[in-house]
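Below is one structure; the comments refer to it alone.
The values are calculated or read from the model by the stated rules, or taken from the named source; none is laboratory data. These numbers come from a predicted model, not from an experiment. Note that we place each Cβ from the backbone using ideal geometry, even for glycine, and neighbour counts take in every protein chain shown. Side chains included, ligands, DNA and RNA excluded: accessible areas come from the protein's heavy atoms. Shrake-Rupley method; radii C 1.70, N 1.55, O 1.52, S 1.80 Å.
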Amino acid sequence: MGENILVDSHVWVEDPEIAWTHGVVLNIKGDEAEVKTNDGKELVAKLSKLYPKDDEAPSEGVEDMTRLSYLHEPAVLDNLATRYGLNEIYTYTGNILIAVNPFQGLPHLYDAEVMEKYKEASFKELGPHVFAIGGIAYREMINEDRNKCILVSGESGSGKTETTKMLMRYLAYFGGHTAGEGRTVENQVLESNPVLEAFGNAKTVKNNNSSCYELDGVNDAEEYLATRRAMDVVGISETEQDAIFRIVAAILHLGNIEFCKGEDADSSSLKDEQSMFHLQMTCDPNSLEDALCKRMMVTPEEVIKRSLDPLGAAVSRDGLAKTIYSRLFDWLVNKINISIGQDSHSRRLIGVLDIYGFESFKTNSFEQFCINYTNEKLQQHFNQHVFKMEQGEYEKEEIDWSYVEFVDNKDVVDLIEKKPGGIIALLDEACMLPKSNPETFSEKLYQTFKNHKRFIKPKLTRSDFTLVHYAGEVQYQSDQFLDKNKDYVVAEHQDLLNASKCSFVSGLFPPLPKASSKSKFSSIGARFKLQLQQLMETLNLTEPHYIRCVKPNNLLQPTVFDNANVLHQLRSGGVLEAIRVKCAGYPTNRTFIEFLKRFIILAPEILKGEYEADDACKWILDKKGLTGFQIGKSKVFLRAGQMAELDSNRTKVLGEAAKMIQGQVRTRLTRERYVLLRRASVNIQANWRANLARKISRYMKREEAAIKIQKNLRRQIAIKDYGNTKSSAVTLQNGLRTMVARHEFHYKLKSKAATVIQSYWRGYSAITDYKKLKRASLVYQSKLRGRIARKQLGQSNQADKKKETEHEREVELSNRAEEAVDKSFVKHSDESDDEEMGHERETTHSIQEDDGTEKSFVMHSEHSDDGEIRHERETKHTTIQADDGIEKSFVMHSEHSSDEEKGHERHTEHTIQADDGIENPFVLDSENLYNNFSDVSHITNPFRDTEIESLTAEVEMLKALLQVEKQRADISERKCDEALELGERRRKRLEETEKRVYQLQDSLNRLLYSMSDQFSQLKSILRSTSMSSTMAASAPVVRDDLADSSENSEASSTDSDFTFPAPSSSSPDNPNQLQVIVQDLSTTEAKGQW
């Protein structure tokens, strides 16, 4: 096989655990190959040890293994395992049926419907089955007038008995007839098996077949009753049954009798009372004891009666027990054959032989030797039959087969049975010699067969020997061969049993002829050989059919297939031997159609011409250089290995074709993939562009809609007239609260949203304007105070020059004037400071009131929001509250800065005002101060000559005043710089605030876009109501939160808006109160402040 193995070939390789495993050849180096098995292992094996694997074998296996492309050991094993996994327990090997024990019930395989189906079908028309073997045997017996036999073999536990039962049941069903006493042949055949099994099967080391032993889960009472019923069916009377069971009981008692040394030398007696009890349970205790313990010696002169020692008495006891049971079993078999209706004068018969299989144990004694001898004889018969079938196939196809060698095991059969010189003959000879023992017997074997290829002498042993059987080597222990081979016909035993009072027992032992009355040696081996020869003569007169039973595992579990165990049984059962016989000739044959279908690719030119099928097959074989094949009438016969060689060539051709096909297919697939990718990319681009265009279109539509909304909203703001009435302004400012409170407007949600948005914007605009105005006023005041300070400094310098020329007489008047000036200065400074602080507090209070009003408006707006816009309004409100917090912190910072400025001005006795529209008292007081100085100078002139000391004091005082004015100027400049710096900081805060305003405006635009429909409805409603309102009143009105807005709500317009301007000081009662007025914003929009 190795020469046809190539790289990448699928092969079978030996595995120590599972016998065989399949793999792929990775590399070949010389006569070794590297194989990767199916379980991922990599190993190196000899090419000669590899077998090709058929990758095209059916996944469910083949029904007849002769149809396998490769008929070798691993292929057969794999096919059986595959079918067993599918619960297909039957498989053909030619005409041989292999039955694998399922260890579970499969009733659907054996019901009446299946039997009827196989009864009408020809052989192999249906799947493999034991019914098919029974049917072909019966039909050939009837049609061809030939005797048939069916041999069912296998090791213990393989299912031989069950297979035999099914076969006998089918044969009885196939041709059954009614027997006497109303019992059918079918029932008698079926019930005979339990009887023979109960009395004939024994417990073995591999299986428990005997119902006589105590088993777990077996009810002995039920088994006993079942046996009695079966004995009734096969025609054994009740009296005979009682006698049979009495004999069985006596044999059991006989086996329990033990012996000890007697009073005389070399004598024996019963060991104890228990042995006496068992003896008393037999038929004649005294005669039986005398027969067991003594022996009659016949001499020419006289008959001598001598005693036996305990060992001789035990041998005599065992011989008697075996003799009785053997006669009983022979009677049962004869009785059953007569009862079933077997006619000894019948012309034709079908024999069913259930025989033990080949055995090889750890300890093999005389029993295994006899069993394996039987299997060797049957295997010889089996090989002859297989060769005969092959010969018939060759003759049918008219091919030359004369040179085909026959595989025979005649040498090992002759080694066992040849006379003289065979093992059995040497054993009988050793048994007759008085001083023979196992060592002398084994030494005789060693000397006789030392050059025989089937005989092996084991090392380190003196009594063992090994025989090479067809199924393998078996080592036998000859320790008990001599004892088990001896079978004396004891006259005392014969006379005792013949004289029994029980007629059934005396019938089992009829009187012997006078020539046989004397005791003589009888060999078990010789008798076994004689019976086996008679069996083989019977088989040779019939045409055999074979059923090989296989036990899949030793655990007796279903669905478990032990490869090593099955392989051993295939070898010992002769299945592989039959394959070797077939391989010796033409192991592979195919019909012309099958051959051409498989190998036509090796010669494709045949398809171009017109050839006969046989010529085309020969063309292919000649083209590949094969020889030794045969072309039959309808089949091609190939020698061993030729199928593998053809498959190897076929694999090469297919490989090259596959490469070419793969190249073309890959090219086509690559191009198709490229076309698909290109088409897909174009579609993706088109879809993406379309999607982008739709997005742009939606954006443009949304932008256009936003512009329209803004335009309409601005138009509403520009057109809206806040001068109609006081109630119209209140209605627009508190629209949402009024609609929620009174539920009078059906457009509540939409107008409420507009009011909230407007309130946020107007509040922010008012606060921003106020802060800008306040910052501008502070900057202006700072600059103005600086100019006034510089002007006062210049006037002070002029006054100093005048004062230098005045006379001393003015001193006294100057002192009085100074006192007056001081009092006036202190008074006016205090008043200016108090007035400035009060004004700033009022301003701050007004701002805080504005903030409170705004917060109140926002909070009310929050509470008036409905469920549809709650989430969006809360988001906007959070943002506006954050902006309000920043604005409030900005105002508080301004107040803190003003307080610092006021504190510093009090220190320098100057007042800096922060409110616009209020005159600066410091400026007025400074001007009055200088005017007073002028007056003093004018008054004190008459005293200039007389009061020099007073003038000197006045000069000092003026210098001090000048110094004070310089300090004031410095302070003013510093304050101016601080004001500028503060203004810069506030400008930056304003920019940040404006950024937030822009963000708020963007959020407002998005909110307006989402509420476009609501504003449209609100606009239409308000426009309809504005048509009926009076347009004459345009003067600003003061907001009154306590007024009822419901009276003039219909007069409000959505085309107008309101803002919170800077606080006005025109009110005489509360000049710092922040008022809310209605203002037309059309000019504001025109200036771009929206």
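Residues are listed down the side, and each one gets a yes or a no for (1) among the small types (Gly, Ala, Ser); (2) closer than 30 Å to Leu496 by Cα; (3) in contact with a helix residue (DSSP H, G or I) (Cβ under 8 Å, 6 or more places away or on another chain):
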residue	(1), (2), (3)
Leu288	no, yes, yes
Arg306	no, yes, no
Ser316	yes, yes, yes
Asp330	no, yes, no
Ile338	no, yes, no
Gly351	yes, no, yes
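Count, please, the residues in region 560-577 that happen to be in contact (Cβ under 8 Å) with a residue 24 or more places away in the chain and touching a Lys or Arg at 6+ places or on another chain (Cβ under 9 Å). Summing the residues that are in contact (Cβ under 8 Å) with a residue 24 or more places away in the chain and touching a Lys or Arg at 6+ places or on another chain (Cβ under 9 Å) in region 560-577 gives 7.
On the stretch given as region 382-392, residues that are over 53 Å from the mean Cα position of the chain (by Cα) and either buried (at least 19 other Cβ atoms within 10 Å of the Cβ) or among the hydroxyl-bearing types (Ser, Thr, Tyr) (or both) total 2. Restricting attention to region 224-242, and to residues there that are in a helix (DSSP H, G or I) and aliphatic (A, V, I, L, M), which single residue is farthest from Val333 (Cα to Cα)? Top of the filtered list is Leu225.
The set of residues from region 619-631 being polar (S, T, N, Q) and open to solvent by less than 50 Å² (accessible area, probe 1.4 Å) comprises just one member, Gln630. Cβ-Cβ distances below 7 Å connect the following pairs, each with a first residue in region 773-798 that is over 22 Å from Ala960 (Cβ atoms), a second residue that is open to solvent by 20 Å² or more (accessible area, probe 1.4 Å) and hydroxyl-bearing (Ser, Thr, Tyr), and a separation of six or more residues or different chains: Gly786/Ser972.
Restricting the first residue to region 429-444 and requiring it to be more than 17 Å from Ser523 (Cα to Cα), which pairs with a second residue that is assigned to a helix (DSSP H, G or I) meet a Cβ separation below 6 Å and a spacing of at least six or different chains? Partner pairs satisfying both residue conditions: Ser442/Ser478; Lys444/Leu426.
Among residues of region 266-277 that are under 16 Å from Arg295 (Cα atoms), those with a beta-carbon under 9 Å from a residue that is of a type in the set (S, T, N, Q) and open to solvent by 20 Å² or more (accessible area, probe 1.4 Å) at least six positions away or on a different chain give the pairs Asp266/Ser307; Ser267/Ser307; Ser268/Ser307. Residues that are of a type in the set (Asp, Glu) and crowded, with 16+ Cβ neighbours inside 10 Å do not occur anywhere in region 435-452. Considering only residues in region 632-675 that are farther than 16 Å from Arg598 by Cα and of a type in the set (Asp, Glu), the one that is least open to solvent (accessible area, probe 1.4 Å) turns out to be Glu672.
Tell me, yes or no, whether region 983-996 has at least one residue that is free of Cβ contacts under 8 Å to residues at least 60 places away in the same chain, of a type in the set (D, E, K, R), open to solvent by 20 Å² or more (accessible area, probe 1.4 Å) and more than 30 Å from Gln758 (Cα to Cα). Checked region 983-996: at least one residue is free of Cβ contacts under 8 Å to residues at least 60 places away in the same chain, of a type in the set (D, E, K, R), open to solvent by 20 Å² or more (accessible area, probe 1.4 Å) and more than 30 Å from Gln758 (Cα to Cα). Thr91 - would you say it is surrounded by 21 or more Cβ atoms within 10 Å (Cβ to Cβ), over 33 Å from the mean Cα position of the chain (by Cα) and of a type in the set (Val, Ile, Thr)? Judged against the criteria, Thr91 is a match. One residue stands out in region 277-313 among those that are surrounded by fewer than 15 Cβ atoms within 10 Å (Cβ to Cβ) and at pLDDT 85 or above: the one that is farthest from Asp487 (Cα to Cα), namely Phe277. When Lys124, Lys119 are checked against the criterion of being closer than 30 Å to Asp64 by Cα, at pLDDT below 85, among the charged types (D, E, K, R) and open to solvent by 50 Å² or more (accessible area, probe 1.4 Å), a single residue qualifies: Lys124.
Does Tyr476 qualify as being closer than 19 Å to Lys362 by Cβ, among the aromatic types (Phe, Trp, Tyr) and either in contact with a strand residue (DSSP E or B) (Cβ under 6 Å, 6 or more places away or on another chain) or open to solvent by less than 70 Å² (accessible area, probe 1.4 Å) (or both)? Judged against the criteria, Tyr476 is a match.
One residue stands out in region 687-714 among those that are open to solvent by less than 90 Å² (accessible area, probe 1.4 Å) and touching a helix residue (DSSP H, G or I) at 6+ places or on another chain (Cβ under 9 Å): the one that is modelled with the lowest pLDDT, namely Arg714. Residue check: is Ala616 small (Gly, Ala, Ser), out of contact with any strand residue (DSSP E or B) (no Cβ under 6 Å at 6 or more places or on another chain), open to solvent by 40 Å² or more (accessible area, probe 1.4 Å) and in contact (Cβ under 8 Å) with a residue 12 or more places away in the chain? Answer is no for this residue. Specify the residue that is nearest to Phe174 (Cα to Cα); the eligible residues are those in region 361-378 that are β-branched (Val, Ile, Thr) and outside any loop (DSSP other than H, G, I, E, B). Top of the filtered list is Thr374. When residues in region 347-366 are screened for being open to solvent by less than 80 Å² (accessible area, probe 1.4 Å) and under 16 Å from Asn193 (Cα atoms), 5 of them pass.
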